[in-house]
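Asks: First, the structure itself, so that you have it in front of you.
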Amino acid sequence: MRSSRLLLVTLRDEPAEAEIVSHRLLLRAGFIRRVSAGVYAYLPLMWRVLRKVSAIVRQEMETIGALEALLPQLQPAELWQRSGRWAGYTAGEGIMFHLQDRQGREMGLGPTHEEVVTALAADLLRSYRQLPVCVYQIQSKFRDEIRPRFGLMRAREFIMKDGYSFHADEACLRRAYAEMDGAYRRIFQRCGLRAVAVEADSGAIGGSASQEFMVTAEAGEDLILATPDGRYAANQERAVSLAPEAVPLPPQPCRELSTPGQETIDDLCEAHGFHPSQIVKVLLLLARFAEGAPQPVLVSLRGDQQLNAVKLANALQARVNDRGALLQVMPIEAEALGKEDLEPLPFGSLGPHLEDDQFAGARSWTPRLLRLTDATASALPSFVCGANRPGVHLVGATWQELGPTAATEALDLREAQAGDRCVADPSQRLEAARGIEVGHIFQLGRKYSEALGATFTTEQGEEQALWMGCYGIGVSRLAQAAVEQLHDAQGIRWPVSIAPFEVIIVIANIQDATQVTVAEALYENLRGLGVETLLDDRPERAGVKFKDADLVGIPFRVVVGRGAAAGEVEVVCRHGGDPETLAAAAAGDWLRERVRRERSGLLDDSLGGDP
RNA sequence: CGGGAUGUAGCGCAGCUUGGUAGCGCACUUCGUUCGGGACGAAGGGGCCGCAGGUUCGAAUCCUGUCAUCCCGACCA
C-alpha cells in the first residue's frame, strides 16, 4: 500500500476530546474517528489492526476446537424475557439499546448473546453424543453505557469475540474453561500485551467461577488487588482480604453518650477519642427490583471499612428471590421518607437495631428492613453505634443487648484495600494496580439452559439441562489497550503481530529519481516476500514523513535517502535500537527474517501482500 | 441521573464582559524557493458562530428553551 492512497490523515494538534494517551494517539495517527458518543469509525489503519487481532483470536479458538459462527445483533425481547434479563437490561439505566419494530414488537441490540446461543443450543443439541460444543463469533456489540469514555475503551458500539460452550457435565465445563484460559493467555501474549488473570465478579451474567484478564495500565478503570508473589490476584469488586485488627473498646457497661451534631465517624472519633474500628456504622439503602416493592436495606459495617457495592448487590440478589433482577441500590434520604409518608429518621445516629416499625406505613416500600451485617462488624464484642435518636450514640453496645433484630448472619460486604493481609497467605499484603479488562471467562452453569429449556438426553436416557461456559474478549478494546501499554512520546509502537503494516519505506526525497527507483524496487521485493509494507511516496518533506511514521507506529522503518545512490538504505526499529545501514538489495531478506521472527512464528501470511 | 464546563472553518483556539459586516495558528489549493525530523514567501478557498425562539434599528455577543460533547460522581460483564 502507498501512503498517498491510504486515506492517512494525521493531526498535529491534540484532539480536545481525548483524555488518555491511547485515545489521543489513535485519533492523531488517523486510526479512528468519533461518529457520536461512544461510537467510532475504524479507519483503514485501525481495521487492519483489528483484523490482525481477530486473526490471532481465530487461530487460538481453532486450536481448541471452537467453531466460528455469526449470530444476529437484533434480538427479540422474548428471548431475554425468558432468561429474566430483559427488565434488568432495559429498565431504568438499562444498558441494552432497545426498540419496537413496526409491528410493535420489542427488540434489543445484542450486548451479549447468551440468550440467542442458548436458544439455538436448545434447538440443535439433543444428545450427549453431540457434546461438548463451543461456538464463538467476532462482531459488533451494543451497550448503552451510562458514560462512554476513553475512545474504544468504553464504547457503546464495539467489537467483541464472544464464545459459548455446552457440556454434559460440570467436569467437562471445567476442562473447557481451563483450555479457554490457556488460549486467552496465548492470545494476549501474541498480541504483545502484558496481561494478568484475576478473580472476578460474575456480575449480571451470573454463574460461578469467573476470571478476568487485565492489561495493566495506569489508565485502567479497574482496580486489581494482588499479593507480591502474584499467587492471589482479584478485581477489587471481588477481592477478599483480612481486615486490620479492630482496636478493642475497653470493657464497660452499655451507656448512652450525648453526641449533638456529630454525624460522621470522623466527628465521633474527634470528639470522643474513639478509633473508627470501634464504631459500627449503619447505611440505609433502597434496593429496586424488576418486580415488586422496593426493599429498604440496613447494612452494618465496621466504621473503618468501606462497603463493596458489588458484594452488596450479590447478597441482595441472593436474598430477595421473589422480585426478579436487582435494578438499582441507592441511599435512602430524608426526602424519600417523606414521599413514603414515613417519620423522619435520625440519620447520623442510626444503629443496627433500628425498628421495622419505622417502615410499617410505607406507601410503596416493603414495610420492613432487610438487614445485612459485615463480618468485621459482627465480630466486634463491644462497640459504639447510633442510638436511633438524634444526637445520641451508645458506647459499649453488644449484639446481644441490641436484640435479635440487629444480629444477623455475618457476610463479606466490605471492600478489600491495598495493605490488607491476604486470606490465603496472611504473611503477604495486597498491592493495588490498575488494569484494563480485555477478557473475561465464566463458568455459567445451567442458569441459561434451564431458563431457556436447553436440554439434552444423557447416556442413561435422562433429560438434563446443558452446562454452559461463556468467554469474551474485547477486540477493539484490546487494540487500544495495546497502544496504552506500548507507546512513547513520539507515538504508537505496535508489536509486529498486530501492527497495521510490518514495514514502512520512507522515500526521503520524492524528487530524487534514484531514491524513488530504489524504494520502488524494495517495495516490490518486500511484497513478493509476503511482508506487509507501506510505501510513503507522498511529496512531503522527510521530516514530516518521519514524524508520521513514528506516530503511526509501524515496527520497521526503511529510509531510502542519501545512501540510495550507493545502493544503501537505513533500517530503524520503532521499538528502539540503533539504525542499521544495509545494502538495498539485501534489505528485503533481512526485513523478512526480522518480521517473521517477531510475528511470533504463529501468524499465517493470509494478510500479507497488497491489493 | 446529580455537579461542572464547552459548542465559532477539517483540527486547536481568540472574539462575547461593553451588540455594529467573523479572526488567528495548523491543515487545504496555486506559484516560487527549500528538501534527512512537523520549511519559507506570495496569492487563494472554506464558517447559518450547535439549533429554535425572544429582546433590539442591528445579535457570535444579551435573554429563554433545546440539542450535543467533555470532565467529576453515581452507575457499568
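Asks: At q = 0.07, 0.12 Å⁻¹, what log₁₀ I(q)/I(0) does chain A have when each alpha carbon counts as one equal point scatterer in the Debye sum?
Replies: After summing over all Cα pairs, the log10 values are -0.57, -1.22.
Asks: Keeping all protein chains in the complex and leaving out DNA, RNA and ligands, what accessible area do you get for A:D222 with a 1.4 Å probe, in Å² to the nearest 10?
Replies: 30 Å²
Asks: Right, here's the next one. May I ask you to give the solvent-accessible area per residue for chain A, in square angstrom, as obtained with a 1.4 angstrom probe?
Replies: 44 Å²
Asks: Still on this structure, please answer the following. Regarding region A:255-411, what's the average projected area of the Cα-atom convex hull, expressed in nm²?
Replies: 8.6 nm²
Asks: Also: Would you work out the relative contact order for chain A, in percent, from Cα pairs under 8 angstrom that are 6 or more residues apart?
Replies: Worked out over chain A, it gives 17 percent.
Asks: Here's a follow-up. Please report, as a whole percent, how much of the solvent-accessible surface of region A:244-295 comes from carbon and sulfur atoms (probe radius 1.4 Å).
Replies: Reported share for carbon and sulfur atoms: 54 percent.
Asks: Please quote Rg/Rh for region A:380-499 to two decimal places, taking the Kirkwood radius as Rh and restricting both calculations to Cα atoms.
Replies: The Rg/Rh ratio comes out at 1.20.
Asks: Measure up A:K161/A:K545; A:K141/A:K545; A:K281/A:K447; A:K52/A:K547; A:K52/A:K311; A:K281/A:K311 against 27 Å on the Cα-Cα distance and list the ones that go over.
Replies: A:K161/A:K545; A:K141/A:K545; A:K281/A:K447; A:K52/A:K311
Asks: Show the residues, 5+ positions off or on another chain, whose built amide H is closer than 5 Å to the amide H of A:V392.
Replies: Amide H neighbours of A:V392: A:T259, A:A387.
Asks: So how far apart, in nm, are the two label points at A:E291 and A:E463 if each is 7 Å from Cα heading toward Cβ?
Replies: Going by the 7 Å Cα→Cβ label model, 2.3 nm.
Asks: Still on this model: Could you tell me the relative contact order of region A:378-470? Use alpha-carbon pairs under 8 Å, at least six residues apart, and round to a whole percent.
Replies: 15 percent
Asks: Using modelled amide H (1.01 Å from N, peptide plane; none on Pro or chain starts), what sits under 5 Å from the amide H of A:R154, excluding residues fewer than 5 places away?
Replies: It is A:R149, by chain and number.
Asks: With θ taken as phi - 60° and the coefficients 6.51, -1.76 and 1.60, list the Karplus ³J(HN,Hα) couplings across region A:468-473 in order, rounded to whole Hz; mark glycine and proline as x.
Replies: Working through the residues one at a time gives 10, x, 9, 8, x, 9 Hz.
Asks: Something else now. Simple spin-label model, 7 Å along Cα-to-Cβ: A:D341 to A:S36 in nm?
Replies: Here the modelled spin labels are 4.4 nm apart.
Asks: If you don't mind, another one. Which whole-angstrom value gives the distance between the alpha carbon centres of region A:109-142 and region A:502-533?
Replies: Region A:109-142 and region A:502-533 have Cα centres spaced 47 Å from each other.
Asks: Can you show me the helix-derived [θ] at 222 nm for chain A, built from DSSP H runs with n ≥ 4 at -39,500 (n - 2.57) apiece and divided by the number of residues, rounded to the nearest 500.
Replies: -8000 deg cm²/dmol
Asks: OK, next. So for the pair A:A566, A:V247, with labels modelled 7 Å out along Cα→Cβ, what separation do we get in nm?
Replies: Once both label points are built, they end up 7.6 nm from each other.
Asks: When only the heavy atoms of the protein chains count and the probe is 1.4 Å, how do A:R5, A:R12, A:R105, A:R129 rank by accessible area, highest first?
Replies: Largest accessible area first, the residues go A:R12, A:R129, A:R5, A:R105.
Asks: For A:S364 and A:Q100, what does the FRET efficiency come to when R0 = 25 Å and r is the distance between their Cβ atoms, rounded to the nearest 0.05?
Replies: Step by step, r from the Cβ atoms, then E = 0.35.
Asks: Also, I was wondering about something else. Among the trypsin sites (Lys or Arg not before Pro) in region A:136-222, which ones are in a DSSP loop with at most 15 other Cβ atoms within 10 Å of the Cβ? Mind listing them?
Replies: A:R194
Asks: How much net charge surrounds A:M96 when only other residues with a Cβ under 9 Å from its Cβ are counted (Lys, Arg +1; Asp, Glu -1)? Walk me through the intermediate numbers first.
Replies: Numbers: positive: A:R85, A:R143; negative: A:D144.
Neighbourhood net charge equals +1.
Asks: Which loop trypsin sites (Lys or Arg not before Pro) in region A:346-377, with loop taken from DSSP, have no more than 15 other Cβ atoms within 10 angstrom of their Cβ?
Replies: A:R363
Asks: Run the numbers on region A:501-602 and let me know its relative contact order in percent, using alpha-carbon pairs under 8 Å that are six or more apart.
Replies: 31 percent
Asks: When the solvent-accessible surface of protein heavy atoms is calculated with a 1.4 angstrom probe, in what order do A:T398, A:T533 fall, highest first?
Replies: In descending accessible area the options line up as A:T398, A:T533.
Asks: Given a Förster distance of 41 angstrom, what is the FRET efficiency for A:A585 paired with A:Q139, based on the Cβ-Cβ distance and rounded to 0.05?
Replies: In this case the efficiency is close to 0.35.
Asks: How much length is gained on full extension from A:A418 to A:E524, taking 0.36 nm per residue of separation minus their Cα-Cα distance?
Replies: Value of the extension gain: 32.6 nm.
The values are calculated or read from the model by the stated rules, or taken from the named source; none is laboratory data. Owing to the predicted nature of the structure, the values given are computational and were not obtained by experimental measurement. Neighbour counts run over all protein chains shown; Cβ positions are idealised from the backbone, glycine included. Quick note on the areas: whole protein, heavy atoms, side chains included, nothing else; ligands and nucleic acids left out. Shrake-Rupley method; radii C 1.70, N 1.55, O 1.52, S 1.80 Å.
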